[in-house]
Amino acid sequence: MTMKQEVVGQGIVRLSAKKKGPVIGVVCNVHGNELCGRKAVHRILSNYEIERGTLVLIDGNPNAALLGKRYVNADMNRMFTPKQLDKKNPKQDLKRAQYLAKRLPKLGLDQVIDFHSTTSETPHPFTVSFPGTKEMTSLCPVPQIFGWSGIVKGTLIEWLCNQGIPAVVVEAGQHEAQSSIDVAEQTLLSILSHFGLITPKKPIKFKKPPQYKVLERVMIGDHDTFKFKKDYSSFEALKPGETIAKDKTQIYKAPNKKGLMMLMPSTQAHIDRKISRGAYYLMQKI
Ligand SMILES: [Zn+2]
């Protein structure tokens, strides 16, 4: 083996080739029950060696992954805010967030991809793309969704982007679906071959995916009474003004505008168990 493997942090391993090249970070299981990225990395490593540049593998929330749960005590992917990162005597998930915030900027990362999956089935995987990530986003063979700045507070990738490290999330599909691993693998092959880290066995080709802009995250007013009008799925078109859901605080209607779509409606089970604070996102085609 010509590539060098070294542990460069807690749950962080660097694979480097002799030939210099870009440093690409792959973040897996920031949510401990979302393992598609990790499985895709294993597939790639069993088939390829890093020929040029550096691949940095980052175990997002290893403790949550041991439990197979989204987090141990609280969602680590909401903790990358100055207030949380400055808290003294961090415990559990926050301790990991603070560690990553300290360690990741010192690894010389040029680009980062962060793999997630979704609770409910989604007809399309998609990217979560921030400003400054056009190149990475264009390498992801899935619909590309921009406009996320400030929509979900405290995510690792928004924080990385703010540190000047372009980082993109791929929501690869449903947690347990085999297709989520395939999507993560195709995305990795595309990124790693583009930056010259590997030479793909077959050329990577895909049609330019459609692009969208997320407009709003709609929050739940009252969990106990919240009910969707029907079973919505991601990428479903919404009629102007259509009633989407109701609870005792309000009727949730689509804005009076054409071309709006539903994104990531929460499941009723998650709402009933008060796991989701948000009900759904609204987006439109660019
Ligand atoms: Zn996730």
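Residue order for Thr243, Thr267, fewest other beta carbons within 10 angstrom first, comes to Thr243, Thr267.
Database remark: amide H of Asn33 closer than 5 angstrom to the amide H of Lys69, Arg70 (H placed geometrically; neighbours at sequence offset of 5 or more, or on other chains; Pro and chain starts carry no H). In a DSSP loop and with at most 16 other Cβ atoms within 10 Å, the trypsin sites (Lys or Arg not before Pro) in the range 222-261 are Lys229, Lys230, Lys248, Lys257, Lys258. By the beta-carbon count within 10 Å of each Cβ, the least crowded to most crowded order of Met219, Met136, fewest first, is Met219, Met136. Each residue of the range 123-133 is assigned a 3J(HN,Hα), and the resulting list reads x, 9, x, 7, 9, 10, 10, 9, x, x, 10 Hz, derived from the Karplus form 6.51 cos²θ - 1.76 cosθ + 1.60 (θ = phi - 60°), x at Gly and Pro.
Greater than 24 Å separation of Cα atoms is the criterion. Which listed pairs, Lys134/Lys274; Lys91/Lys134; Lys230/Lys258; Lys19/Lys106; Lys257/Lys285; Lys213/Lys253, meet it? Going by Cα-Cα distance, Lys134/Lys274; Lys91/Lys134 fall outside the 24 Å limit. A simple charge model with +1 on the Cβ of Lys and Arg, -1 on the Cβ of Asp and Glu and nothing else charged puts the dipole of the range 212-285 at about 220 debye relative to its Cα centre.
Using C-alpha pairs below 8 Å separated by at least 6 residues, the relative contact order for the range 90-190 is 35 percent. Inverting the pair-averaged 1/r between distinct Cα atoms of the range 1-157 gives 16.6 Å as its Kirkwood hydrodynamic radius.
For the range 234-284, the alpha-carbon radius of gyration amounts to 1.16 times the rule-of-thumb value 2.2 N^0.38 Å expected for a compact globular protein.
Divide by every residue of the chain the summed helix terms, -39500 (n - 2.57) for each DSSP H run of at least 4, and state the resulting mean residue ellipticity at 222 nm, rounded to the nearest 500 deg cm²/dmol. It comes out at -6500 deg cm²/dmol, rounded to the nearest 500. A Gaussian network model of the chain, with springs between Cα atoms under 10 Å, assigns the largest mean-square fluctuation among Cys36, Cys161, Cys28 to Cys161. For Lys253, the residues 5 or more places off, or on other chains, whose built amide H falls under 5 Å of its own are Ile244.
The Stokes-Einstein estimate for the chain, based on a Kirkwood radius over Cα pairs and taken at 10 °C with 1.306 mPa s viscosity, is a diffusion coefficient of 81 µm²/s.
Rounded to the nearest 20, the Cβ-based charge dipole of the range 4-194 about its Cα centre (Lys and Arg +1, Asp and Glu -1) stands at 880 debye.
Once C-alpha pairs closer than 8 Å and six or more residues apart are averaged by separation and normalised to the residue number of the range 212-285, the relative contact order reads 41 percent. Classification of the range 141-250 by its C-alpha gyration tensor yields a prolate form. The axis ratio a/c (a ≥ b ≥ c) is 1.5 or more, and a/b outweighs b/c.
Beyond 30 Å in Cα-Cα separation lie the following of the pairs Lys18/Lys202; Lys69/Lys102; Lys95/Lys229: Lys95/Lys229. To test your reading of the geometry: what angle, between 0 and 90 degrees and rounded to tens, separates the Cα axis of helix 36-47 from the longest principal axis of the chain? With both axes taken from Cα atoms, the answer is about 30 degrees. Taking label positions 7 Å along the Cα-Cβ direction at both Asn256 and Asn89, the computed distance is 5.5 nm, reported to one decimal.
What the Cβ-Cβ distance of Thr81 and Ile275 gives, at R0 = 30 Å and to the nearest 0.05, is a FRET efficiency of 0.90. Exposure proxy for Asp231, Asp114: other Cβ atoms within 10 Å of each Cβ, ordered fewest to most, give Asp231, Asp114.
Under the definition of Cα pairs under 8 Å and six or more residues apart, what whole-number percent is the relative contact order of the chain? That works out to 17 percent. For Thr155, the residues whose modelled amide H falls within less than 5 Å of its own, excluding neighbours fewer than 5 places apart on the same chain, are Phe80.
Laboratory data are not the source of any read-out in this text; all were calculated from the coordinates shown. In this text, all values refer to a predicted model and were calculated from it rather than measured experimentally. Positions of Cβ are backbone-derived with ideal geometry, glycine not excepted, and every protein chain shown enters the neighbour counts.
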